[in-house]
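> Can you keep this structure in mind? I'll have questions shortly.
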Amino acid sequence: MVDGSSRKEDTFLALDIGGTSVTCGLVSRSGEILMTDSFPTAQGPSPAAMTEIMADKLKDIWTKADRHRRPKALGIGAPGWIKPTEGIVVMAPNIPGWREVPITRIMSEAMDLPAILENDANLYALGEWLAGAGKGHDNEITLTLGTGVGGGLILNGHLWSGSFTSAAEVGHIPLNPWSGAICGCGRKGCLETVTSAKGMTRLGLEWLASGRETLYKGPPEELNPAVMQKLALKKDPMSLSVFKEAGEALGLALAAIFNLLSLEVAVIGGGAAGAFDFIINHLLATLGEHLVTAQINEIQVVKGLLGVNAPLVGAAALLEAAGY
Ligand SMILES: [Zn+2]
């Protein structure tokens, strides 16, 4: 018989496969990170070599943490195009060679544990909902501002995947399909063309090319959101303008999302969320103007709390919801 207290002490293994690194971890049922390890993917090891390293790292973590207590299951987060129900990474554009990889079967066999695959942005949303900035809210959207813009949606306390397991593709919400910049998806004017790290950098480069006033004196190829954050503290007109445009775009996209779904909270995370403090006022002003289903003071737009650990924490929520 399993009593409540021992169930509470259950652990899960978690994997977050990303374009620059893979993070492995051991997480408690309540979402507490017990141990993590990571390795870079930049060298582009083959999927077979990568899965071997992942299995070694996970076994190592498990042994170090508590060799006698068996984790209940493994949760896997992966980017790109995946088929969660079949456990297959169909294509991960940022990881060389990842096509049609049956990751769930490979890792389940290697670890002798049940495993589940989920989109990394969805795991991020689950993590912030279970133990981060979305904790205590039934209805949450998360936006991760990275190379692109990822999204995850929690409705009534459950991850919403939609009919084609591809819900919350917020990065490709069309904001300016007539004259916007070309997006990575091939269309024009998607949200991520102005709010991803790449999009913000593009706006900065346009400013530089136009010869307008800026404190930035470095080469164009070294411009990025982190550099602009530092300059924004010194009131650099270029950086402030880029973050204003990004904030307004996020405000418009969130207005559409909040008006459609009547959510309580939006969590902003990802590498470029460091610019949150420069973005938030523009975001809230625009959102407030276009919000019709709630008052601006009834909702929250907050910065993510868990950072790179969010998908690992999310794996615990995913496995718990699946009954492990
Ligand atoms: Zn797009």
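FYI, it's all coordinate maths here, none of it is from the lab. Source: prediction; values computed, not measured. Neighbour counts run over all protein chains shown; Cβ positions are idealised from the backbone, glycine included.
> Work out how much length LEU240 to GLU221 would gain on full extension: take 0.36 nm times their residue separation and subtract the Cα-Cα distance, in nm to one decimal. It would help to have the intermediate numbers written out before the result.
Working: separation 19, 0.36 × 19 = 6.84 nm, distance 1.92 nm.
In short, 4.9 nm is gained.
> Let me ask something else about it. Using θ = phi - 60° and the Karplus curve 6.51 cos²θ - 1.76 cosθ + 1.60, what whole-Hz ³J(HN,Hα) does each residue of segment 76-91 get, with Gly and Pro shown as x?
After applying 6.51 cos²θ - 1.76 cosθ + 1.60, I find 10, x, 9, x, x, 8, 10, 10, x, 5, 8, x, 10, 8, 6, 7 Hz.
> Given the Cα-Cα distance of GLU52 and SER38 and 0.36 nm per residue of separation, how much length would full extension add, in nm?
Working: separation 14, 0.36 × 14 = 5.04 nm, distance 1.34 nm.
The span from GLU52 to SER38 would gain 3.7 nm if fully extended.
> Remind me, relative contact order of segment 61-123 in percent, using alpha carbon pairs under 8 angstrom and six or more residues apart?
36 percent
> Relative contact order of the chain, please, whole-number percent, based on alpha carbon pairs below 8 angstrom and at least 6 residues apart. Could the numbers behind the result be given before it?
Values: 674 pairs, mean separation 63.0, N = 324.
That works out to 19 percent.
> Can you list the lysines whose alpha carbon is less than 21 Å from that of LYS235, not counting same-chain residues fewer than 8 positions off?
LYS217, LYS244
> May I ask you to sort LYS135, LYS57, LYS8 by Cβ crowding, counting other Cβ atoms within 10 Å and putting the fewest first?
Details: LYS135 13, LYS57 20, LYS8 10.
Result, fewest neighbours first: LYS8, LYS135, LYS57.
> Helix 197-209 against the longest principal axis of the chain: what's the angle in degrees, Cα atoms only, rounded to the nearest 10?
Value to nearest ten degrees: 20.
> Have a look at the chain and give its Rg and Dmax from the Cα atoms, expressed in angstrom.
Every Cα atom of the chain included, Rg and Dmax give 20.3, 72 Å.
> Sort 151-157, 220-226, 177-183, 87-93 by the packing proxy (mean of other Cβ within 10 Å over each peptide's residues), most packed first.
Working: 151-157: 19.9, 220-226: 14.9, 177-183: 12.9, 87-93: 18.0.
Top to bottom by mean Cβ count within 10 Å: 151-157, 87-93, 220-226, 177-183.
> Tell me the Kirkwood radius of segment 61-102: reciprocal of the mean inverse pair distance over distinct alpha-carbon atoms, in Å.
Details: mean 1/r = 0.0820 Å⁻¹.
About 12.2 Å, per the Kirkwood formula over Cα pairs.
> Roughly what angle does helix 120-131 make with the longest principal axis of the chain, taking Cα atoms, 0 to 90 degrees, to the nearest 10?
For 120-131 against the chain, the angle is about 80 degrees.
> Let me ask something else. Out of residues 5 or more away from ASP236 or on other chains, whose amide H comes under 5 Å of its own, with H placed 1.01 Å from N in the peptide plane?
Amide H neighbours of ASP236, under 5 Å, 5+ apart: none.
> Which value in deg cm²/dmol, rounded to the nearest 500, describes the helix-derived mean residue ellipticity at 222 nm for the chain, given -39,500 (n - 2.57) per DSSP H run of n ≥ 4 and division by the residue count? Walk me through the numbers before you get to the answer.
Working: 10 runs with 124 residues, N = 324.
One gets -12000 deg cm²/dmol as the mean residue ellipticity at 222 nm.
> How high is the FRET efficiency from GLU264 to LYS8, r the C-beta distance, R0 35 Å, rounded to 0.05? List each step's numbers first, then the result.
On the way: r = 27 Å, r/R0 = 0.77.
Once rounded, the FRET efficiency stands at 0.85.
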